[in-house]
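Okay, structure first, notes after.
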Amino acid sequence: MSLAAALAVVRRRLLGFVQFRALSEVTCREIRSSPGDDDRATYPPHSEEASLYVHWPYCLRRCSYCNFNKYISRAVNHNAMDACLQRELETLLRVSQVSRINSVFFGGGTPSLAPPSTIAAVLETVAKHAALQGDAEVTLEVNPTPIGMAKLADFLHAGVNRFSIGVQALNDEDLRVLGRDHNSQHALHTVDEARQLCPGRVSVDVIFGRPGQTLACWEKELEELLLVCDDHVSLYQLTLERGTQLFKQVQAGQLSMPGDDVIAGMYESARRILQERGFLQYEVSNFARKGAVSSHNLGYWRAGQYLGVGPGAHGRFVPQGEGRLCREARTQTLEPDVWMREVQRWGHGTRRRVELSHTELLEEVLVMGLRMTEGISHQHWRQFSPRAELQQVLGESAEVLELQERACSS
């Protein structure tokens, strides 16, 4: 049974369970209009804590495989961008009534192209309107070019205490095919500089399953990387996204991708090699040693609240400042210039907001929790479902029992 089929089973069980079925007939709006104690008990307690994701949308070039929300611009209005990031953050903090930010992640795009003063301004805004603990994880994605490496110390002084470096490959020809604007030596030098500035808090991203890649080449490359990397590694299988340059090249027969069996072998081989080097896998794609897990990403996988600031950013939080009880999924306007105009006019650039029913929230708890090796504890489940235990929802499912038997026998 595929993961999609397994999740469909979970969804049927959630929707079929009598208490959840009764709940799904009550919309969030109806609950807000008559919030009895019994209805309130159905939802997880409101939290005044959240994580913060900040999206910097600009890049110097577009990678051949990338379909993220990014824009190539040689003339960024940094003053306007700074002001809008701060204003939208203030608005979302007020709307969410979040009083403590647990972690911050600057992603993109290429946030290492942003002025360090922008990073400092955002963190100062957090400190002004909510608590940001001194040991809170503040991560910045770094493109390992000479320009990115030269600014690492300035980012550290601005308040960053963790770097996520997009190495992606240590094969220069593969980096060219991927459209990256760095080479393997740039990557190694950047990792080394980051480790000196921020020892124990440097993560490296690596892509496997690249065009023409073999298992032997992948193992050799990973061994080379582990000689210099810090205590956190993220491995991502290359995905062909429709509309990208790489997708078109593969479709035209100009490049060929490894087969599924080869890619599966790469993943299993990487898990073995990383384990031999002391890395523990704590999520599908993430490995850490010496306890260097990413607290920000754990917040996502444990279905915590997070605010998304910047063009195209996503968020999940309860807008308590508007009198709401349900968590919302929010997406900010994609195009930077349009987003800035909206923030200047309304204080935010929220383009889409969707109320999550209790069933939809529980589905997210399950899907995200299944990514982690720790799984979903009964205690964690009860935070979101105080009425029905996880075993009640899944324990009677023949399909789930079949999956358990397969897992035990494999």
Under 23 Å from Lys248, Cα to Cα: lysines that are on another chain or at least 8 residues apart: Lys70
Under 15 Å from Lys290, Cα to Cα: aspartates and glutamates that are on another chain or at least 8 residues apart: Asp230, Asp231, Glu276
Dividing the mean separation of Cα pairs under 8 Å (6+ apart) by the residue count of the chain yields a relative contact order in percent of 20
Put a dot 7 Å past each Cα toward the Cβ at Arg352 and Leu401; how far apart are the dots in nm? 4.0
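How do Ser99, Ser234 line up, fewest other C-beta atoms within 10 Å first?
Sorted ascending by nearby Cβ count, the order is Ser99, Ser234.
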Per DSSP helix of 4 or more residues, -39500 (n - 2.57); summed, then divided by the residues of the chain. What does that give at 222 nm, rounded to the nearest 500? -13500 deg cm²/dmol
Within 13 Å, Cβ to Cβ, of Ser73, how many net charges do the neighbouring residues add up to if Lys/Arg are +1 and Asp/Glu are -1? +2
Please sort 251-259, 84-92 by packing, taking for each peptide the average over its residues of neighbouring beta carbons within 10 angstrom, highest first. 84-92, 251-259
Please arrange Tyr236, Tyr282 by counting, for each residue, the other beta carbons lying within 10 Å of its beta carbon, fewest first. Tyr236, Tyr282
In nanometres, what is the gap between the two model label sites at Glu49 and Asp260, each 7 Å from Cα along Cα-to-Cβ? 4.0
Fewest Cβ neighbours within 10 Å first, please rank Ile119, Ile72, Ile207 accordingly. Ile72, Ile207, Ile119
With +1 on each Lys and Arg Cβ and -1 on each Asp and Glu Cβ, how big is the dipole of segment 49-300 about its Cα centre, in debye rounded to the nearest 20? 540
Using a basic spin-label model with each label point 7 Å from the Cα along Cα→Cβ, how many nm lie between Lys128 and Asp172? 4.7
Between segment 197-271 and segment 49-120, how many Å separate their Cα centres? 26
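Quick note: the coordinates plus some simple rules give every number you see, no bench work behind them. Note that the coordinates shown come from a computational prediction; the quantities given were computed from them, not determined experimentally. Backbone-built Cβ (ideal geometry, glycine too); neighbour counts: all protein chains shown.
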